[in-house]
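Heads up, the thing below is written out as structure tokens.
The values are calculated or read from the model by the stated rules, or taken from the named source; none is laboratory data. Model, not experiment: these values are computed from the prediction. Positions of Cβ are generated from backbone atoms using ideal geometry, with glycine treated the same way; all protein chains shown enter the neighbour counts. Remember, those area values only see protein heavy atoms, side chains included, never the ligands or the DNA or RNA. Shrake-Rupley method; radii C 1.70, N 1.55, O 1.52, S 1.80 Å.
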Amino acid sequence: MNQMTRDQMEAAAPLAAVPADQKSLIEIRDLYKSFGRRHILRGINLDVIRGETLVILGGSGSGKTTLLRHLMGMLRPDEGSIAVHFADSTMRLDRASHAELDAYRDRLGVIFQGAALLNSMTVLENVGLPLVEVRRLPPQVVYEKVIVALQKVYLPAGEILHLKPAALSGGMRKRVGIARAIVQEPELILYDEPTTGLDPVTVSGVNELTLDLQKRLGVTSVVITHDIHAAFIIADRIAMLYKGRIIAIGPKDEFRAHPNPVVQQLLTGSTQGPLTEAFLQGQAT
Amino acid sequence: MSRKTTLFERMDHSTGVKAVESVGRAAMERASLGGRALLLFIDTIYQLPKTARSLPQIFRQIEICGIGSLFVLALIAFLTGMIMALQTGSELLKFGAQNNLGAIIGATFVREFGPMWAAIIMLARVGAAMAAELGTMAVNEEVDALRVMNINPVRFLVLPRMLALIVSMPLLTVIADYVGMFGGALVASYVYGSPFDQFLDSARGILGNLDFYSGLAKSMVFGAIIATIACDRGLHTTDGAEGVGRSTNQTVVASVICVLIANLMMTGFVQQILKPVFE
Ligand SMILES: Nc1ncnc2c1ncn2[C@@H]1O[C@H](COP(=O)(O)OP(=O)(O)OP(=O)(O)O)[C@@H](O)[C@H]1O
Ligand SMILES: [Mg+2]
């Protein structure tokens, strides 16, 4: 029998201690969030270590996007705290003022699932948008920075600069979305399902790009996905979100050997196990 | 033996309560939607000092909404001007009063038909398109992306659209006024034998500055109403393509109703309060 009660599962998955020589950039403590009577996040405890890529795995509807939207400052927790420790300042996202949120977002890059490019604008205008609208840089500087950003994501800047997003392939759009996120040189990058909906070759390309950016930019990244394969490629550590809690977290090798049956079912892709039961009971809520 | 039941009898206690409850809930929802739109309007006013930065977008929006609607509006005004003249002219002819056609057509267009036709065309063409455009952006997380980049969607998306509509509406109204009167004058002279000059004199005799400017002021308010509703519905769109369709429909229906209510209130204000003061 590999059935476990919820309490046993939680006991089996204590908050993984952050190694003493590493500092966390983000500390999430006892985060709760409900929409009406639907309790989506039920006590999230999670540390994101400075400079790491943390992948958060979870099934459909498990609340991954909801968790990520808390990290964007778009949602406030019902309870609990989110602290972000930058080198020069600490911020509490759960009670940040408008000005604090603006300051936080200046250091944040987000890659949305569908890239979220503005359709009426060219690639140049899209990638340069934050530089023009927020930092109000002169056109020549914007142009140069956009070219650099596009080169970082291995796009042929000269060919696509004046195209609209509709004229690009899905993989290219995703890369343009990444270029827009890194054009301001953020310290923290959030990815919402970066590889969902792309063909296998493009998926590998995006994975390689994520790894590559990681090495070259030295940023901290949080990636949410249900793509296990991608997770093991890009992650330093992997966490699993299940029924509103983080039930397992660790470096990816440890994660692979995690005793939790939910994790094992996810890794083996078996149809037998607690995940399936949760699904049959009407989704993991 | 069959027994006829009255509607009241068939409706047991709980149905009655439920009916009241659902009407009440619908009213509350409308009210809270209206409140949300009003907040968006106030928010847009707060962004006014940043207008200069949005000038290129404002011109682009004026081009889209103003210029694009010109031809349709002119055609509709021309046709209604002629129809009205035909209808009223036949009655006036009985009293030999066809020389007063200009007063009737002129007053109707400058006070009512000009601003109203401009509003109807704008809400059907431009308001609906705005709601669909912003709705698609909201559904594709483009609006969220703007927020995360610290770009205020109200300044970036709503302000240019609102100003474009407020500026375009009086221009379109003036055109509707003149084209409508021209249509009326054509009918007056060719069908009822009342010359062009006569039509104009008659119109001038009844129309004052108050009529003209209150008509333009109305049209600007209509523009603000249409833009507010379209942007509010658009920005709050959820549920993918289906949601976009819903937002577009709601925008058209809500704008027609709000424009008519605003029209009633402003007309009452002009006729009952301003007119006695000015004349
Ligand atoms: N603003 C909201 N209002 C009401 N319910 C919401 C809201 N946002 C999310 N939910 C609900 O919360 C649950 C979790 O949503 P979320 O988008 O976080 O899941 P997810 O893990 O990202 O799923 P997916 O893999 O499908 O993207 C869903 O059932 C969703 O319907
Ligand atoms: Mg999601």
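Let's see how each residue does on (1) out of contact with any Ser or Thr (no Cβ under 9 Å at 6 or more places or on another chain); (2) among the β-branched types (Val, Ile, Thr):
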position	(1), (2)
B:Gly180	no, no
B:Pro195	no, no
B:Ser202	no, no
B:Gly205	yes, no
B:Leu216	no, no
B:Val221	yes, yes
B:Ile226	no, yes
B:Glu242	yes, no
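None of B:Gly68, B:Gly96, B:Gly35 is at pLDDT below 90 and outside any helix (DSSP H, G or I) except B:Gly96. For the stretch B:154-164, what are the residues that are open to solvent by less than 20 Å² (accessible area, probe 1.4 Å) and more than 14 Å from every other protein chain (Cβ to nearest Cβ)? B:Val158, B:Met162, B:Ala164, listed by residue number. Has the stretch A:228-243 got at least one residue that is within 16 Å of ligand 2 (Cβ to nearest atom), in a helix (DSSP H, G or I) and open to solvent by less than 30 Å² (accessible area, probe 1.4 Å)? Yes; the residues of the stretch A:228-243 include at least one that is within 16 Å of ligand 2 (Cβ to nearest atom), in a helix (DSSP H, G or I) and open to solvent by less than 30 Å² (accessible area, probe 1.4 Å). Within the stretch A:79-128, can you find the residues that are of a type in the set (A, V, I, L, M, F, W, C), at the interface with chain B (Cβ under 9 Å from one of its Cβ atoms) and in contact with a strand residue (DSSP E or B) (Cβ under 7 Å, 6 or more places away or on another chain)? If the condition is that a residue be of a type in the set (A, V, I, L, M, F, W, C), at the interface with chain B (Cβ under 9 Å from one of its Cβ atoms) and in contact with a strand residue (DSSP E or B) (Cβ under 7 Å, 6 or more places away or on another chain), then A:Leu108, A:Val110, A:Phe112 are the ones that fit.
Flag not set for A:Ala96, criterion: open to solvent by less than 40 Å² (accessible area, probe 1.4 Å) and within 16 Å of ligand 2 (Cβ to nearest atom). In the stretch B:111-153, of all residues being touching an Asp or Glu at 6+ places or on another chain (Cβ under 6 Å) and open to solvent by less than 10 Å² (accessible area, probe 1.4 Å), the one that is farthest from the other protein chains (Cβ to nearest Cβ) corresponds to B:Gly114.
Considering the stretch A:64-75, and only residues there that are within 14 Å of chain B (Cβ to nearest Cβ) and of a type outside the set (A, V, I, L, M), the residue that is nearest to ligand 2 (Cβ to nearest atom) turns out to be A:Thr65.
Which one is farthest from the other protein chains (Cβ to nearest Cβ) among residues in the stretch A:153-174 that are part of a helix (DSSP H, G or I) and open to solvent by less than 50 Å² (accessible area, probe 1.4 Å)? Once the filter is applied, the top-ranked residue is A:Ala157.
Only a single criterion out of (1) modelled with pLDDT of 90 or more; (2) surrounded by fewer than 19 Cβ atoms within 10 Å (Cβ to Cβ); (3) away from ligand 2 (no atom under 16 Å from the Cβ) is not satisfied by A:Leu15, namely (1).
For A:Gln113, indicate whether it is modelled with pLDDT under 90, out of contact with any Ser or Thr (no Cβ under 8 Å at 6 or more places or on another chain) and of a type in the set (S, T, N, Q). Answer is no for this residue.
Against the list (1) within 16 Å of ligand 1 (Cβ to nearest atom); (2) within 14 Å of chain B (Cβ to nearest Cβ); (3) not small (Gly, Ala, Ser), the condition A:Tyr242 fails is (2). Among the conditions (1) in a helix (DSSP H, G or I); (2) at the interface with another protein chain (Cβ under 10 Å from one of its Cβ atoms); (3) touching a residue at least 24 places away in the same chain (Cβ under 8 Å), the only one that A:Leu150 does not satisfy is (2). Taken over the stretch B:100-155, the residue count meeting the criterion of being outside any helix (DSSP H, G or I) and free of Cβ contacts under 8 Å to residues at least 12 places away in the same chain is 5. One residue alone among B:Leu40, B:Leu73, B:Leu48 is open to solvent by less than 60 Å² (accessible area, probe 1.4 Å), touching a residue at least 40 places away in the same chain (Cβ under 8 Å) and closer than 15 Å to B:Pro160 by Cβ, and that residue is B:Leu40.
Restricted to the stretch A:41-59, and to residues that are farther than 22 Å from A:Lys252 by Cβ and surrounded by fewer than 21 Cβ atoms within 10 Å (Cβ to Cβ), which residue is farthest from ligand 2 (Cβ to nearest atom)?
A:Gly43
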